[in-house]
1. Any idea what Rg and Dmax come out to for the chain if you just take the C-alpha atoms, in Å?
2. What does the net charge come to around VAL121 if you take all other residues with beta carbon closer than 14 Å to its beta carbon, with K and R at +1 and D and E at -1?
3. Among THR55, THR181, what's the order by accessible area (1.4 angstrom probe), most exposed first?
4. Give the relative contact order (percent, whole number) for the chain; include only Cα pairs under 8 Å separated by 6+ residues.
5. Please report, as a whole percent, how much of the solvent-accessible surface of the chain comes from carbon and sulfur atoms (probe radius 1.4 Å).
6. With a 1.4 Å probe and all protein chains left in place, how much accessible area per residue does the stretch 1-135 have, in Å²?
7. Using only Cα atoms, what is the ratio of the radius of gyration of the stretch 48-144 to 2.2 N^0.38 Å?
8. Taking Cα atoms of the stretch 74-193, Rg/Rh with Kirkwood Rh, to two decimals?
Amino acid sequence: MGIVDGLSAAESSVRLRAVMAAGTGAEPGLLEALVGRCAVEPDFFVRDMLTWALTRLPAEVTVPRLRVELGSSAAQARSQALHTLSKIGDRGVYPAVSGELLHDGDDEVARAAWRAAVALVPEGEGERLAGELAREFGRGDRERRLSLSRALVGLGSVVVPVLEAAMGSADVAVREHAAATGVLLRDPEVGFDAAVHEATRIMALG
């Protein structure tokens, strides 16, 4: 069985071996097959290996193709493209990942966009990115909120003015989320739930 056929095999172990072979050979001719599989692959480990295989190809070939995927109607295609672009590390794609994708209606896409934007943000753009991410305070479930807090903490001290502004919001959920992010910024080792508890306590004390 060839690599292309192996990518769509029924058994995940066969697909994994096919992706490993593609990455080892680093043949640009497999770009379309690998990118296409990213959009539909159900297995997490195979998807992770797909990212690895794509990073093995020449960036001048891979990056333009992945930028196209950012506009795909398939959420998984968008999230995988974002994840792979963050691993390639080409800061030239930052404008493509720091706009509407940060507020994507699909949680996985939004979270991937946050991570990619933080990984690729150019020097001097951190505070503006923090302000854009702050629009997401208070939204979604625990995992979405935790991902946002981690992304903001990853930007470092430039987020402090943004956090202070958000803690003055009329929305309680926004204030609590911003305060919890502030706790994590001061002590990244604190768990998110503990940070939320501490933020709630601080807010209650005024």
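The values are calculated or read from the model by the stated rules, or taken from the named source; none is laboratory data. Bear in mind that the values here come from a model prediction, so they are computed numbers and not experimental data. Every residue, glycine among them, receives a Cβ derived from its backbone with ideal geometry; neighbour counts consider all protein chains shown. In case anyone asks, the SASA skips ligands and DNA or RNA and just uses the protein heavy atoms, side chains included. Shrake-Rupley method; radii C 1.70, N 1.55, O 1.52, S 1.80 Å.
1. 19.1, 66
2. For residues surrounding VAL121, the net value is -2.
3. Solvent-accessible surface, decreasing: THR55, THR181.
4. 12
5. Carbon-and-sulfur percentage of accessible area, whole number: 53.
6. In whole numbers, the stretch 1-135 has 47 Å² accessible per residue.
7. 1.04
8. Here Rg/Rh amounts to 0.95.
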